[in-house]
Amino acid sequence: MNFDILYEKIKEYDKIMIFGHVRPDGDCYGSLNGLKDIIKTSFPKKSVFCLTSQVEFLSFVGKMDDVEDEEFIDSLAIICDTSTRERICDKRYTLCKEKIKIDHHVIIDNYGDYNIVDEDISATSLLICRFLFSYPDLKITPKGANALYTGIITDTSNFRYRGVNLETFTLAGRLIEMGVDVSFIDKNLSSESLRATKLKAFIYRSLKVTKHGVVYAKLTKTTIKYYNVSYDEAASLVTLLSNIKECPVWILIINYPKEIRVRIRSNGPDINKLAEKYGGGGHQKAAGTSLKSFSKVKSLLKDADELVRCYKDDIPHDL
């Protein structure tokens with residue numbers, strides 16, 4: 001993949017704004033902070049800012065920046081890990097002079113003036129690694145390497161998902177050579193509050209399974225308030241439902257203040273088309289959507305159950 005346009009545009013602009021998506025995850029935080037570190041370390045005179053929601057449990061990766069509106073004028077926007085323009089967290093990206101999209105999701109919306117997308121790579125942080133190692137004058141600090149490594153292991157679930165290959169391990173290994181503190185990252189990703197631990201117990205007690213093997217759990221606003229956890233903490237518990245032998249698809253349904261967020265995961269059938277049917281999207285094995293009513297959730301669960309039935313019976317399925 002050729003990164004020359006990204007390299008030349010970074011050299012051209014004095015102010016660079018790096019944007020992420022709504023409800024940022026580890027790969028979003030990793031790619032934003034890793035790219036910022038590369039630019040600031042390689043070109044110290046440039047002003048570089050990261051812009052997405054602040055997520056407490058990812059704060060060890062890096063902080064987001066507060067930027068006044070006038071700073072966006074005549075700046076370069078680089079939008080990472082964000083498949084569609086609707087999902088860009090800070091809409092002030094439209095104020096920037098030019099826009100570059102760097103992403104690894106299925107191409108739905110090429111909103112950038114320049115689009116750097118590889119649907120087959122496991123994480124956007126890996127694309128940033130490719131960029132880093134493509135030009136001899138680019139540098140990164142151990143903190144930046146930590147950010148990219150965090151993005152890689154969170155989006156691959158510690159190298160367990162399909163798409164992980166020799167390049168994945170090679171790039172991760174090169175980051176380790178540059179000072180990644182693996183134990184520091186693991187400690188921050190593994191530790192959790194007592195409140196979150198109690199919420200896990202609630203999920204195990206309340207989970208349900210559809211007729212053909214979709215396991216799911218619902219977290220209402222009342223539940224979130226009772227256990228006094230953030231919505232980000234709650235959303236991160238989607239992996240809690242994985243690895244149930246009879247259930248190749250698992251779903252965590254969270255009632256946010258203004259929407260119902262549905263996180264869908266699979267170790268069997270592809271579920272990105274299911275998410276797309278309901279206005280969402282994502283990868284073949286990790287996707288999600290936002291819904292306005294629980295009646296829509298009921299319909300999605302019915303479609304998911306049919307998807308699993310066809311998967312188990314080894315017959316084609318069209319949503």
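The values are calculated or read from the model by the stated rules, or taken from the named source; none is laboratory data. Here the structure is a predicted model, which means the values were calculated and not measured. When we count neighbours, we look across all protein chains shown, and the Cβ atoms used for this are built from the backbone with ideal geometry, even at glycine. Accessible surface areas use protein heavy atoms only, side chains included; no ligands, DNA or RNA. Shrake-Rupley method; radii C 1.70, N 1.55, O 1.52, S 1.80 Å.
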Dipole magnitude of segment 50-93 about its Cα centre (Cβ charges: Lys, Arg +1; Asp, Glu -1), debye to nearest 20: 300
Portion, in percent, of the accessible area of the chain that falls on carbon or sulfur, probe 1.4 Å: 50
Over 30 Å between alpha carbons, listed pairs Lys9/Lys273; Lys63/Lys198; Lys40/Lys198; Lys45/Lys91: Lys9/Lys273; Lys40/Lys198
Fully extended contour minus Cα-Cα distance, from Arg205 to Thr170, at 0.36 nm per residue: 8.5 nm
Bins of 20 Å, starting at 0 and running to the largest distance - Cα pair percent for the chain: 32, 57, 11, 0
DSSP loop GluC sites (Glu not before Pro) with at most 11 other Cβ within 10 Å: longest gap in the chain: 69-245
Net charge of neighbours whose Cβ lies under 12 Å from the Cβ of Leu199, counting Lys and Arg as +1 and Asp and Glu as -1: +3
Whichever aspartates and glutamates have a C-alpha closer than 13 Å to that of Lys208, once near sequence neighbours (fewer than 8 apart) are set aside: Glu246, Asp305
Over 31 Å between alpha carbons, listed pairs Lys211/Lys285; Lys36/Lys218; Lys99/Lys143: Lys36/Lys218
Accessible surface, segment 63-192, averaged per residue in Å² (probe 1.4 Å): 48
For segment 251-268 versus segment 165-236, the gap between their alpha-carbon centres in whole angstrom: 13
Compactness index (Cα Rg / 2.2 N^0.38 Å), segment 170-211: 1.91
Solvent exposure ordering (accessible area, 1.4 Å, most first) of Met178, Met1, Met64: Met1, Met178, Met64
Probe 1.4 Å, protein heavy atoms only - accessible area per residue of segment 199-312 in square angstrom: 48
For segment 137-291, Kirkwood radius (reciprocal of mean inverse C-alpha pair distance, Å): 17.2
Kirkwood-type radius of segment 52-156, with distances r between different C-alpha atoms, in Å: 15.0
By accessible area with a 1.4 Å probe, ligands and nucleic acids excluded, highest first: order of Thr84, Thr124: Thr84, Thr124
Nearest-0.05 FRET efficiency for Lys225 and Lys187, computed from C-beta distance (R0 35 Å): 0.80
